[in-house]
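First the structure, in the form of structure tokens, and then the observations on it.
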Amino acid sequence: MDGFQGNTGVIVIAATNRPDVLDAALLRPGRFDRQILVDYPDYKGRLEILKVHARNKKLDDSVSLETIARRTPGLAGADLASLLNEAAILTARRHKGAIGNLEIADALDRVKIGMPKRPLTDSIEKCKTAYHEIGHALLQTLLPNTDPLDKVTIVPRSGGIMGFSASVPDEEVGLETRAKILDIITATLGGRACEEVVFGREEVDDGAGSDLQKVTRLARLMATQLGMTDLGLAAWESPNNEVFLGRDLMPTNDYSEDLARRIDRQIRAIAGECYTKAKHILQEHRPLVDRLVEELLERETLDGEEFRKLVAAHTAVPEKPLVGAKF
């Protein structure tokens, strides 16, 4: 690969999912000097992939591959293949002759969230899970800058997931406003906030652990990379500040301890303000929260359209564009 040998007809191809840690010597001209990024497929790409994997499967006439493609941004080709395979397995288990929209929806949950487990028995744990998920779902519906709700459920999933509220993701990712990030943080804190509003601070449980990690990540992003706080228009950290393979195991920062303390204060301030807002909204709509929990406990799963109708019967719901038609 030094450019002086008579092997100009030889092409060496390599692949990695961590190009940020490659040695610069590998990327010099004459070596691996051509880089091709293989990103996640867009809508048209997902549609063509689905057509390939659907060739040997019998789909119900009501199933639209276009709708599935619009509702699966962020899924790779292997994910889409697994989606249709899971749907086919569910169809066989339910003794149906063709894959229907219900099987597609259940298979999508399995691919993105995990395998369903036995439903919770009627207990305080099930009740608290319902309030937690309704807190998320109601704030996702009432806040103007969040993605529209797709479904909310208290059916447990593998990996310790007791329930979840999912939104319809936006195809265009990357240009997020400060208002949207703050609303996402507020909705993410909705589960813990609802637990505190209903059961009191001493009765909140550990179910919001992953929510708090997401909140911290987003708030830190606002403070250290996006210039969206009082720290000013500066990027104190880079997107790839975490090191890997033979280097230090901890993120490296080039700022002072004083600035690190100010960043921590900004993160806590953002989380605190959003948490206060979440509690205020849920307290203001407490009768609606109880009504939605009763419905969720009875049915265990509510899709986004049903949920919005229930909410709209009690208060105004912001208009949000939906991606494609629902299953």
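The values are calculated or read from the model by the stated rules, or taken from the named source; none is laboratory data. Nothing here was measured: the structure is a model prediction, and the numbers come from that model. FYI the Cβ positions are ideal-geometry reconstructions off the backbone, even for glycines, and counts take in every protein chain you see.
Total residues in segment 20-65 satisfying the condition of being touching a residue at least 60 places away in the same chain (Cβ under 8 Å) and either under 26 Å from the mean Cα position of the chain (by Cα) or in the same structural domain as residue 238 (by TED's automatic domain parsing) (or both): the figure is 4.
Would you pick out the residues in segment 16-48 that are among the basic types (Lys, Arg) and either touching a strand residue (DSSP E or B) at 6+ places or on another chain (Cβ under 6 Å) or in a loop (DSSP other than H, G, I, E, B) (or both)? Steps first, please.
The initial filter retains those residues of segment 16-48 that are among the basic types (Lys, Arg), namely 18, 28, 31, 34, 44, 46.
If the condition is that a residue be among the basic types (Lys, Arg) and either touching a strand residue (DSSP E or B) at 6+ places or on another chain (Cβ under 6 Å) or in a loop (DSSP other than H, G, I, E, B) (or both), then 18, 28, 31, 34 are the ones that fit.
Count of segment 38-72 residues, restricted to those that are surrounded by 12 or more Cβ atoms within 10 Å (Cβ to Cβ) and of a type in the set (Lys, Arg), is 5. Pairing residues of segment 199-224 that are polar (S, T, N, Q) with residues that are exposed (fewer than 14 other Cβ atoms within 10 Å of the Cβ), at Cβ distances under 8 Å and at least 6 apart in sequence or on separate chains, gives 224/235. Restricting attention to segment 136-158, the residues that are under 19 Å from residue 320 (Cα atoms) and either assigned to a helix (DSSP H, G or I) or not aliphatic (A, V, I, L, M) (or both) total 14. Of all residues in segment 119-154, those being at pLDDT below 90 and within 13 Å of residue 300 (Cβ to Cβ) number 4.
Within segment 87-103, track down each residue that is charged (D, E, K, R) and crowded, with 20+ Cβ neighbours inside 10 Å. Spell out the reasoning first.
So the first thing to find is which residues in segment 87-103 are charged (D, E, K, R), and the list is 93-94, 96, 103.
Selection gives 103 alone.
Could you please give the count of residues in segment 49-79 that are more than 26 Å from residue 13 (Cα to Cα) and in a helix (DSSP H, G or I)? Adding up the residues that qualify gives 10.
Of the residues 166, 179, 107, only one is crowded, with 18+ Cβ neighbours inside 10 Å and in a helix (DSSP H, G or I); which?
Details: 166 fails: in a helix (DSSP H, G or I); 179 fails: crowded, with 18+ Cβ neighbours inside 10 Å.
Answer to the check: 107.
Output the residues belonging to segment 163-186 that are in contact with a Leu (Cβ under 7 Å, 6 or more places away or on another chain) and at pLDDT 85 or above. Outline the logic, then answer.
The initial filter retains those residues of segment 163-186 that are in contact with a Leu (Cβ under 7 Å, 6 or more places away or on another chain), namely 165, 167-168, 181, 183-186.
Within segment 163-186, 165, 167, 181, 183, 184, 185, 186 meet the criteria.
Scanning segment 99-128 for residues that are touching a helix residue (DSSP H, G or I) at 6+ places or on another chain (Cβ under 6 Å) and either at positive phi or basic (Lys, Arg) (or both) yields one hit, 110. Taking segment 254-272 as the region of interest, how many residues are within 22 Å of the chain's Cα centre (by Cα) and acidic (Asp, Glu)? Count: 0.
Quick grid of which residues meet (1) out of contact with any helix residue (DSSP H, G or I) (no Cβ under 6 Å at 6 or more places or on another chain); (2) among the small types (Gly, Ala, Ser); (3) assigned by TED's automatic domain parsing to the domain that holds residue 300; (4) surrounded by 22 or more Cβ atoms within 10 Å (Cβ to Cβ):
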residue: 145; (1), (2), (3), (4): no, no, yes, no
residue: 155; (1), (2), (3), (4): yes, no, yes, no
residue: 158; (1), (2), (3), (4): yes, yes, yes, no
residue: 186; (1), (2), (3), (4): no, no, yes, yes
residue: 205; (1), (2), (3), (4): yes, no, yes, no
residue: 230; (1), (2), (3), (4): yes, no, yes, no
residue: 235; (1), (2), (3), (4): yes, yes, yes, no
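Among the conditions (1) part of a loop (DSSP other than H, G, I, E, B); (2) closer than 26 Å to residue 316 by Cα, the only one that residue 118 does not satisfy is (2).
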